[in-house]
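What follows is a set of notes on a single structure, which appears directly below.
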């Protein structure tokens with residue numbers, strides 16, 4: 001039994017404490033509702049331009065020819081600088097800080113794998129993402145996937161496919177190649 005539950009039971013039997021218990025129950029309820037809102041709409045905790053920024057980021061990913069999840073800086077991101085900083089604070093992206101430069105993203109925006117998959121789904125590629133996840137889940141132990149070949153059959157940008165490789169590896173399902181510029185995955 002959780003300690004707070006134990007105290008609630010004890011104080012519930014004492015006169016005059018029912019109002020205090022009700023107050024704390026309402027606080028807990030509000031916190032649970034806030035957490036659920038963040039789970040249902042992760043961008044809801046950011047400003048109203050966050051979704052527009054995600055669309056621009058995913059458009060940049062779709063134009064990438066390399067396996068890298070690094071997006072080159074564009075002036076179209078300038079109005080979203082504060083949102084980019086908040087995304088970084090939440091571990092969704094990272095920049096390359098330069099001493100004396102207030103824009104840590106001028107040398108590129110690195111998208112974290114989980115965030116990259118999220119914006120791919122947000123960008124309308126959810127059916128393709130599901131197909132890739134199914135393909136990887138059904139892969140027999142010892143079999144491998146070449147990201148470039150997968151990109152030809154499943155219409156996802158190579159950085160998104162590589163992000164899936166990374167996520168499946170982080171869950172112990174296989175191993176992703178560390179070779180720079182390559183996108184390979186082998187299932188366990």
If I filter the stretch 122-145 for residues that are in a strand (DSSP E or B) and surrounded by 17 or more Cβ atoms within 10 Å (Cβ to Cβ), do I get at least one hit?
yes
Does any residue in the stretch 91-105 that is touching a residue at least 60 places away in the same chain (Cβ under 8 Å) come within less than 9 Å, Cβ to Cβ, of a residue that is surrounded by 13 or more Cβ atoms within 10 Å (Cβ to Cβ) six or more places away or on a different chain, and which pairs are these?
none
Would you check if residue 116 is assigned to a helix (DSSP H, G or I), within 15 Å of residue 71 (Cα to Cα) and assigned by TED's automatic domain parsing to the domain that holds residue 53?
no
Can you find, within the stretch 172-188, the residue that is farthest from residue 134 (Cα to Cα) among those that are in a loop (DSSP other than H, G, I, E, B) and in contact (Cβ under 8 Å) with a residue 40 or more places away in the chain?
181
From the options 187, 94, 170, residue that is under 15 Å from the mean Cα position of the chain (by Cα) and over 26 Å from residue 53 (Cα atoms)
170
Need a quick list: helices (runs of 4 or more DSSP H) entirely within the stretch 1-113 having at least 2 residues that are modelled with pLDDT under 75 and out of contact with any strand residue (DSSP E or B) (no Cβ under 6 Å at 6 or more places or on another chain).
3-12, 18-40
Would a scan of the stretch 161-171 turn up a residue that is closer than 23 Å to residue 66 by Cα, in contact (Cβ under 8 Å) with a residue 12 or more places away in the chain and outside any helix (DSSP H, G or I)?
no
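The values are calculated or read from the model by the stated rules, or taken from the named source; none is laboratory data. These numbers were taken from a predicted model, which means no experiment stands behind them. Don't worry about glycine lacking a Cβ; one is built from the backbone with ideal geometry, like all the others, and counts go over all protein chains shown.
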